[in-house]
Amino acid sequence: MSSAVIKTMNRKAGRKRNEENGGTSFITFLIMLLVACISIYPLLWVIIQSFKTEGQFLQSIWTLPASFNLDNYVTAFQEANLALYMKNTVVNTVATLAVDLILVTCLGYAFSKLKMKFKKFFYYMILINMLIPTPIILLPMYLQIVNLDIQNTLAAIVFPYYQGFAPLGLILIKGYMDNIPDEIIESAKIDGCGTFRILWKIMVPLVKPMLVTLAILGGMNAWNEYMWALVSISDTSRYTLSVGIAVIRDKIATIGYTPVFAALTVSAMVFVIIYLFAQKTFVRSITAGAVKG
């Protein structure tokens, strides 16, 4: 068979594969587009309602606003204490992230690189927390903060949030550190570095992408958490955003429906924006941490 005939057959086979791959890619694109639309529609619907006047909303929930009306946001901040709830949530989230990242980084380094007895036992004991539904431990946790007399304090919020975050955070950070060669640590030890210096000067810079991911995950959890915040906080001046929005919803009779949608939009968009800026780091670190561990 001549080379010209072989080249022609290869070109035909290549075109056929490209056509098949093109058809598969188009179908995949349509499915992904459909899933994306279904996922983003509720958020878009809430945003649209937040720009309507009360009359436009009551007239139809399916139409677009006649104009972009910002009065609902003004009402939510000035009359419904949204600014106070946001301030409390920012403080709680920042404090929670500081505790989460520091403790989980130390845990991940210990379980990944240090030699110690019963390491697997303690590792799996921490992971067991993922199997315990939150409502089951809600009452014991509440009784504990009552006995410690820390109700309505930052500690009552931060450490229970860390307890829920620790298993997932440990899995991710340990998996990421497992991919870092042990030779780097051995070289640092030869140069005279101690354990904590190796951790903060060498390991932390290497795992920064995963720390960004953990910050997003832990921050979202602290920002949106409702059940524990409702149980552990009785002082209305310390309500978080999720609890505060429920309070705003109860004021519908006086402020209307649309300011509630404005409050929901503000709450949701914070981490949507953060994720959009950090999505490449987020995906890369999740993939790297899933390779091993």
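The values are calculated or read from the model by the stated rules, or taken from the named source; none is laboratory data. It should be emphasised that the depicted structure is a prediction, and the values quoted were computed from it without experimental measurement. Every residue, glycine among them, receives a Cβ derived from its backbone with ideal geometry; neighbour counts consider all protein chains shown. These area figures cover heavy atoms from the full protein model, side chains too; ligands, DNA and RNA do not enter into them. Shrake-Rupley method; radii C 1.70, N 1.55, O 1.52, S 1.80 Å.
Listed here are the residues, each with its yes/no results for (1) part of a helix (DSSP H, G or I); (2) farther than 17 Å from Lys115 by Cα.
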| site | (1), (2) |
| --- | --- |
| Ile136 | yes, yes |
| Tyr142 | yes, yes |
| Ile150 | no, yes |
| Ala155 | yes, yes |
| Phe159 | yes, yes |
| Pro167 | yes, yes |
| Gly175 | yes, no |
| Ile185 | yes, no |
Give the residue that is most open to solvent (accessible area, probe 1.4 Å), with candidates limited to residues of the range 106-134 that are of a type in the set (D, E, K, R) and in a helix (DSSP H, G or I).
Lys120
Lone unmet requirement of (1) open to solvent by 50 Å² or more (accessible area, probe 1.4 Å); (2) without any contact (Cβ under 8 Å) to a residue 12 or more places away in the chain for Leu103
(2)
For the structure I just gave you, tell me whether Asn72 is in contact (Cβ under 8 Å) with a residue 60 or more places away in the chain and out of contact with any Ser or Thr (no Cβ under 6 Å at 6 or more places or on another chain).
no
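Pull up the range 155-193, narrow it to residues that are of a type in the set (Gly, Ala, Ser) and within 16 Å of Ile137 (Cα to Cα), then point me to the one that is modelled with the lowest pLDDT.
Just the residues of the range 155-193 that are of a type in the set (Gly, Ala, Ser), to begin with: 155-156, 164, 166, 169, 175, 187-188, 192.
Remaining after also requiring within 16 Å of Ile137 (Cα to Cα): 156, 164, 166.
Working: Ala156: 91, Gly164: 85, Ala166: 89.
Residue satisfying both the conditions and the ranking: Gly164.
Is it fair to say Leu214 is open to solvent by less than 40 Å² (accessible area, probe 1.4 Å), in a helix (DSSP H, G or I), closer than 14 Å to Ser112 by Cβ and touching a helix residue (DSSP H, G or I) at 6+ places or on another chain (Cβ under 7 Å)? Write out each step before concluding.
Details: open to solvent by less than 40 Å² (accessible area, probe 1.4 Å): yes; in a helix (DSSP H, G or I): yes; closer than 14 Å to Ser112 by Cβ: no; touching a helix residue (DSSP H, G or I) at 6+ places or on another chain (Cβ under 7 Å): yes.
In short, no.
Listed here are the residues, each with its yes/no results for (1) out of contact with any Phe, Trp or Tyr (no Cβ under 7 Å at 6 or more places or on another chain); (2) under 15 Å from Gly108 (Cα atoms).
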site: Ile190; (1), (2): yes, no
site: Trp200; (1), (2): yes, yes
site: Met203; (1), (2): no, yes
site: Ile216; (1), (2): no, no
site: Met220; (1), (2): no, no
site: Trp223; (1), (2): no, no
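Just need a number here: residues in the range 133-154 that are under 21 Å from the mean Cα position of the chain (by Cα) and either over 17 Å from Glu225 (Cα atoms) or of a type outside the set (Val, Ile, Thr) (or both). So that I can check it myself, show each step before the final result.
Within the range 133-154, the subset under 21 Å from the mean Cα position of the chain (by Cα) is 133-135, 154.
Among the residues that remain, those that are also either over 17 Å from Glu225 (Cα atoms) or of a type outside the set (Val, Ile, Thr) (or both) are: 133, 135, 154.
Residues that pass the stated criteria total 3.
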I need the full set of residues from the range 191-211 which are open to solvent by 50 Å² or more (accessible area, probe 1.4 Å) and either among the charged types (D, E, K, R) or in a loop (DSSP other than H, G, I, E, B) (or both), in order please.
Asp191, Gly192, Arg197, Lys201, Lys208
